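Read the figures in this text as sums done on the coordinates, not as results from a lab. Keep in mind the model is a prediction, meaning the values are calculated, not measured. Here the Cβ is made from the backbone with ideal geometry for all residues, glycine too, and neighbour counts use every protein chain on show.
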Number of protein chains: 2
Amino acid sequence: MNGYHVAVVGATGAVGTRMLAMVAQSPLPIASVKALASKRSAGKTVKCGDQELTVEETTDDSFAGVDIALFSAGGAVSKRFAPSAVKAGAIVVDNTSAFRMDPEIPLVVPEVNPEALRQHHGIIANPNCSTIQMVTALEPIRKAFGLKRVMVSTYQAVSGAGQRALNELFAEAQAYLDGDVTKVTPEILPTGGDKKHYQMAFNALPQIDVFEDDGYSHEEWKMIHETKKIMMGDMDDPELKVTATCVRVPVPIAHGEEVYFEVADANADADAIRAVLAQAPGVVVQDDPAHQVYPQPANAEGKRDVFVGRIRPDEENSGFFHMWNVSDNLLKGAAWNSMQIAETMHDMGLIQPK
Amino acid sequence: MNGYHVAVVGATGAVGTRMLAMVAQSPLPIASVKALASKRSAGKTVKCGDQELTVEETTDDSFAGVDIALFSAGGAVSKRFAPSAVKAGAIVVDNTSAFRMDPEIPLVVPEVNPEALRQHHGIIANPNCSTIQMVTALEPIRKAFGLKRVMVSTYQAVSGAGQRALNELFAEAQAYLDGDVTKVTPEILPTGGDKKHYQMAFNALPQIDVFEDDGYSHEEWKMIHETKKIMMGDMDDPELKVTATCVRVPVPIAHGEEVYFEVADANADADAIRAVLAQAPGVVVQDDPAHQVYPQPANAEGKRDVFVGRIRPDEENSGFFHMWNVSDNLLKGAAWNSMQIAETMHDMGLIQPK
């Protein structure tokens, strides 16, 4: 059959299982799908649409004949195996932070900077989840009115820390409702990569990823520098100023973001911004406060769009506006944006099925 | 006995029960305590320290002999009965929005504007919970460095909507964990005063109180105008610019706030701000990211302080800083600030025990 041979690395994870679903639902011609993971997961079965796949261990030889390799098994796995996949002739869409800040590697949100895909050398980096949904909503505003400053406060879902973190949230929540949250000992949240772990159920934790020396968390650092690279082409671009505070909240899936921003055009108003966003690809405006219509994580789960509402001016600072956006961090923030990159490369003629 | 005769109106509520605890723990000489509520609650018993009190229905005659009346039974009850209490010779500390914007009525956080108490005519308004914890942390910064702009994003606890809202959160959470959140029909959240009600468990709702015509929620309006009245003496003060986005998160008790602010003094830095806050009354600095020390709602519950951390500069906008504060919305945000107002009036000689 004439079509793409696809491999998903990290196929058993929260993102990997959704990557398989995105492959199954893709309009691209798909010839075969391979589910790869660690040795520990080899032999398990996973679903790709109606197909049942047996998970194989990822090795240097896994990528023979593969055209599209979607990686979501952690930065170390990407660094170890992405070069093998490229060598075998695959294009790699990598959903880890391994290559994002490499100036030679495109960091792409298809609605924002698809042209960056033309510069690829085999690997394309998928941005951080919280960055993706923000730039999808900000780019149409930047194009229409110019964008000077962005200040974002996030309300991030627990699934961003993986399936085990989700299990920890639910176990803690049940223990809390049973009267003793200490029956569950936190082992992952706020982040598996740091020393101390805290109760997440019925709590809010202002730490996502580890802290940098300057007091910003690495998640905040990512939002600042990835936003600049995606929207401005340079991770240190000084023209667009970005600052961020990232907070984990006890929501399973879909991040919320309060985005406060300054536009350049003195004539911009909330209605004009709303009109621009209503036409924007990947964006759905849900903004009718009089009827209590605004984006909610519980409604965004399982959908591919970025939902935007609560658009309103700062009434005392001309040019400054607020908006509240919500999107499924496992789909637009990860699995869907990754597959969408492959679909966009196909549409642009950058890849062809064999 | 020589001491104050105290009445708590709304004694069975989430705030009222805590007001009784604050009275029991007060260093003031207390001669008697009266628990008042609606007719529906009359005859119930409530605790004031070791004392058991029988709840009485609130009437115009309830305040004979009362020196201090703490109200937290909704704006309508305050409007109806506060004048009777004042007529009977009591000072009223009102924890509703009924009188907050009356220019003749002091709106007081004792750490911030105790001198405003001297202007009272019997009623003192207790500010909105989210405002109190923010201004407690901002006033020391304003005094030391000047304050030009405040932009706050809140992560507010469900108990701000009352005990029934808390019950709704827990019932929904259990239904969610049992596999069907729709088994519980939301009847209160996001706000009992509006038409539609949404799932709060494992969700985030960018609505607190009803929406104004300009797209801001009334909670956001309160944060803007109460902050100006408390810190600047005028609810429309143009010198201090304030904007707010208020979001309810599935946390039972203690609000979190990301406060982004601009100081006037070009020499201010994060260390200097931290040093000022370390000396500030009612504030506890918890700010050591290298050791994962930062304020958390789960740790603030039951405490009277405002906990502040994540203090850091916006690295691209000189004079702008972030901080993350957390406080028990039912204590410093309501019951404690109310009783603290009475204690401060005593200390200032504005009231005396009979």
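See the values below:
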item	result
Average Cα contact separation per residue, the range A:131-329, under 8 Å, 6 or more apart, as relative contact order %	27
Vicinal HN-Hα couplings computed from phi for the range B:93-104 (Karplus, 6.51 cos²θ - 1.76 cosθ + 1.60; Hz; Gly/Pro x)	10, 9, 8, 10, 7, 3, 10, 4, 9, 6, x, 7
Inter-copy label distances at A:GLU187 (7 Å, Cα→Cβ; nm, one decimal)	4.1
Rounded to whole Hz, the Karplus (6.51, -1.76, 1.60) HN-Hα couplings of the range A:151-160, x for glycine and proline	10, 10, 10, 9, 10, 9, 7, 5, 4, x
Inter-copy spacing of B:THR59 label points, which lie 7 Å from Cα along Cα→Cβ, given in nm from shortest upward	8.9
Fluctuation leader among A:GLN156, A:GLN25, A:GLN296 - chain A, Gaussian network, Cα springs under 10 angstrom	A:GLN25
A:LYS195-A:THR182 pseudo-label distance in nm [points 7 Å out on the Cα-to-Cβ vector]	2.2
Chain B, relative contact order [Cα under 8 Å, separation at least 6], %	18
Alpha carbon centroid spacing (whole Å) that separates the range A:185-213 from the range A:331-354	33
Long-range amide H partners of A:LYS44 with built H, under 5 Å	A:VAL55
Residue-span extension gain [B:GLN25 to B:LYS303] - 0.36 nm each, minus C-alpha spacing	98.8 nm
Exceeding the 24 Å Cα-Cα cut-off - candidates A:LYS228/A:LYS332; A:LYS39/A:LYS87; A:LYS332/B:LYS195; B:LYS47/B:LYS229; B:LYS229/B:LYS332; B:LYS148/B:LYS229	A:LYS332/B:LYS195; B:LYS47/B:LYS229
Spin-label model distance (nm) - B:GLN51 vs A:ALA290, 7 Å beyond Cα toward Cβ	5.1
Position B:ARG80, label points 7 Å along Cα→Cβ, spacing to each other copy in nm (shortest first, one decimal)	6.9
Closest Cβ on chain B to the rotation axis that carries it onto A (distance rounded to whole Å)	B:SER153, 2
Normalised contact order of the range A:53-140, rounded percent, pairs of Cα under 8 Å and 6 or more residues apart	25
Inter-label distance, nm, simple model (7 Å from Cα along the C-beta direction), B:ASN267/B:LYS44	5.6
Beta bridge orientation in the range B:1-86: antiparallel %, DSSP, nearest 5	25
Charge dipole (debye, nearest 20) of chain B; +1 at Cβ of Lys and Arg, -1 at Cβ of Asp and Glu	940
R0 of 41 Å, Cβ-Cβ distance B:ASP102-A:GLU239: FRET efficiency to nearest 0.05	0.30
Amide hydrogen neighbours beyond the local backbone of A:GLN286, cut-off 5 Å, H modeled	A:VAL308, A:GLY309
Of B:ASP102, B:ASP237, B:ASP180, the one that fluctuates the most in a GNM where chain B has Cα springs shorter than 10 Å	B:ASP180
Rounded, prolate or oblate (a/c below 1.5 giving rounded, otherwise prolate when a/b exceeds b/c) for chain B by Cα gyration tensor	oblate
GNM flexibility winner over chain A from A:ARG312, A:ARG40, A:ARG142 (Cα, springs under 10 Å)	A:ARG40
Note, ³J(HN,Hα) from phi for the range B:344-354, Karplus 6.51, -1.76, 1.60, rounded to Hz, x at Gly and Pro	5, 5, 5, 4, 7, x, 7, 9, 9, x, 7
Exposure proxy order (Cβ contacts within 10 Å, fewest to most) of B:HIS255, B:HIS225	B:HIS225, B:HIS255
Centroid-to-centroid separation of the range A:91-158 and the range B:1-60 [C-alpha atoms, Å]	57
